[in-house]
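The values are calculated or read from the model by the stated rules, or taken from the named source; none is laboratory data. Values in this document were obtained by computation on a predicted structure and should not be read as measured data. Ideal geometry is used to build each Cβ from the backbone, glycine not excepted, and the neighbour counts take in all protein chains shown. Please note that ligands, DNA and RNA were not included when accessible areas were found on the heavy atoms of the full protein model with its side chains. Shrake-Rupley method; radii C 1.70, N 1.55, O 1.52, S 1.80 Å.
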Amino acid sequence: MFTQLFALAITAIFIENFVLVKFLGICPFLGVSKKLSTALGMGMAVTFVMTIASIFTWCFNQFILVPLKIEYLRTIMFILTIATLVQLIEMFLRKVIPTLYNALGIYLPLITTNCAVLGVAILNVDKGYNFMEAVTFGFSAGVGFLLAIVIFSGVRERLEFADCPKCFKGIPLALISAALISISFMGFNGFKLPF
C-alpha cells in the first residue's frame with residue numbers, strides 16, 4: 001500500500017504535474033510568481049485547498065452523491081465545496097497573516113475557480129481512488145503546484161535583471177521560461193518506478 005501511495009505521489013508531483021504537464025492552474029502560476037514570497041504563500045494555500053478539497057469532495061461523492069444516485073450534481077457540489085474552503089482560508093489569512101493576504105490580492109479568491117483544484121477533485125473520482133489515494137493525490141498535486149510556482153518565481157526574479165531585447169521584457173520572456181520549465185518536467189514522462 002505504501003509503495004502505491006509513494007508512486008502516486010511521485011507521479012502527481014513530477015510526471016503529471018498539474019501546471020507544467022497538464023496546464024491546469026496557469027492563472028495564479030503566471031500572476032503570483034513575480035516574487036518568491038508570494039509564490040510560496042500561494043503554493044502553500046493551493047496545496048492546503050487541494051488536500052482539504054480532496055478529502056471533502058471524496059466524502060461527499062461516496063456518502064451523498066453515489067448513494068442518492070445524483071452523481072450528475074458532482075461538478076456543482078465540488079465547486080461549492082471548494083468555494084467554501086477558499087472563503088475560510090481567505091478569512092483566516094486576512095485575520096492571521098494580513099501581509100500574505102494583501103500580497104496574494106485577487107489571486108486568493110481565484111483559487112475558487114482554479115481549474116487545478118477542481119481537476120484534482122474530479123480526477124480522484126474518475127480514477128476511482130480510495131480515500132487514502134485521493135488524499136495523497138490531492139496533497140501531491142498541491143506539492144507539484146508549489147514546486148512549479150516556486151521554481152518559476154525564482155526564474156522570474158532572476159529575469160528581472162536579464163539583459164534581453166525590449167520586445168521580450170515582461171510576459172513574453174515569462175512565457176518562454178515557463179515553456180522551458182515545462183519541457184524539462186516532461187522529461188519525467190519516461191520515468192518508470194520499479195514497483
Spin-label pair T113/K166, simplified geometry with 7 Å Cα→Cβ offset, distance in nm: 3.5
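Ignoring ligands, DNA and RNA, what percent of the accessible area of the chain is carbon or sulfur (1.4 Å)?
On the way: 7420 of 10250 Å².
Ligands and nucleic acids excluded, carbon and sulfur give 72 percent.
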Those lysines that a straight Cα-Cα span of less than 25 Å connects to K127, excepting residues fewer than 8 apart in one chain: K22, K69, K192
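Once you have the Kirkwood Rh of the range 26-117 from its Cα pairs, apply Stokes-Einstein at 20 °C and 1.002 mPa s and quote D in µm²/s.
Working: Rh = 13.9 Å.
Value of D from the Cα-based Kirkwood radius: 154 µm²/s.
For the chain, calculate the relative contact order in percent as a whole number, restricting contacts to Cα pairs under 8 Å that are 6 or more residues apart.
Numbers: 228 pairs, mean separation 83.2, N = 195.
Computed over the chain, the figure is 43 percent.
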Within the chain: Cβ-based charge dipole about Cα centre, in debye rounded to nearest 20 (Lys, Arg +1; Asp, Glu -1): 260
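Relative contact order for the range 58-116: what percent, with Cα pairs under 8 Å and sequence separation of 6 or more? Could you put the intermediate results ahead of the total?
Details: 22 pairs, mean separation 18.0, N = 59.
Averaging sequence separation for qualifying contacts and normalising by length gives 31 percent for the range 58-116.
With every protein chain present, what is the per residue accessible area of the range 72-195 (1.4 Å probe, Å²)?
Values: 7020 Å² over 124 residues.
Per-residue value: 57 Å².
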